[in-house]
Amino acid sequence: MILFLDFDGVLHPFHRPQGALTRLPDFERVMRDYPEVDIVISSSWREGYTLAELRGFFSDDIAARIIDVTPVLPAAGPLCVREAEIDAWRSLRGRSTEPWVAIDDCALFFSPGCANLILVDPALGFNAATERALRERLSSHPFADT
């Protein structure tokens, strides 16, 4: 399983009332229960930080599971751009047949009704509802016996 992770609106509420990455500990706590999941950064932060710098925001055990960032594709408009970047990454890395999930706060970046998207309320960021949805998605795969 591959998890594609956005930051703004997910790892902190979009407007950052308490600062950046305030929901990161909650995300990491959940991910520790699913050590088989690879993490790829799909956030726009990948345009301003190197992969090493992005990993530096995370605890060491979670940072070690961040394997890459999605490519930045020339935008023909905002619609479905994040999903196109994810598809491009999966194709380039030979992982097109693997299950994946994306955690993002913008539905317009994905095709309508995208079954792989866990949509986060950008005013709240990663919260109990996001945790339930993520656990349900990750638990529906065979590796979840751990």
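Scanning the stretch 91-125 for residues that are over 14 Å from I39 (Cβ atoms), touching a residue at least 40 places away in the same chain (Cβ under 8 Å) and touching a Phe, Trp or Tyr at 6+ places or on another chain (Cβ under 8 Å) yields a total of 5. For the condition in contact with an Asp or Glu (Cβ under 9 Å, 6 or more places away or on another chain) and open to solvent by less than 80 Å² (accessible area, probe 1.4 Å), L21 does not qualify. Before we move on, is L134 over 17 Å from R23 (Cβ atoms), touching a residue at least 60 places away in the same chain (Cβ under 8 Å) and part of a helix (DSSP H, G or I)? No: the conditions fail for L134.
A single member of I62, I66 is surrounded by 15 or more Cβ atoms within 10 Å (Cβ to Cβ) and under 19 Å from T130 (Cα atoms), and it is I62.
Taking the stretch 78-98, which residues are in a loop (DSSP other than H, G, I, E, B) and under 20 Å from V120 (Cα atoms)? Within the stretch 78-98, P78, L79, C80 meet the criteria.
The selection criterion, being in a helix (DSSP H, G or I), farther than 21 Å from R137 by Cβ and open to solvent by 40 Å² or more (accessible area, probe 1.4 Å), holds for A52.
On the stretch given as the stretch 123-141, residues that are surrounded by fewer than 17 Cβ atoms within 10 Å (Cβ to Cβ) and farther than 24 Å from E98 by Cα total 4. Residues of the stretch 88-114 that are modelled with pLDDT under 95, under 15 Å from the mean Cα position of the chain (by Cα) and open to solvent by 30 Å² or more (accessible area, probe 1.4 Å): C106, A107, F109.
The values are calculated or read from the model by the stated rules, or taken from the named source; none is laboratory data. Treat the numbers as computed from the prediction; the structure is a model and nothing was measured. Note: ideal-geometry Cβ built from the backbone for every residue, glycine included; neighbour counts use all protein chains shown. SASA here: full protein model, heavy atoms, side chains in, ligands and nucleic acids out. Shrake-Rupley method; radii C 1.70, N 1.55, O 1.52, S 1.80 Å.
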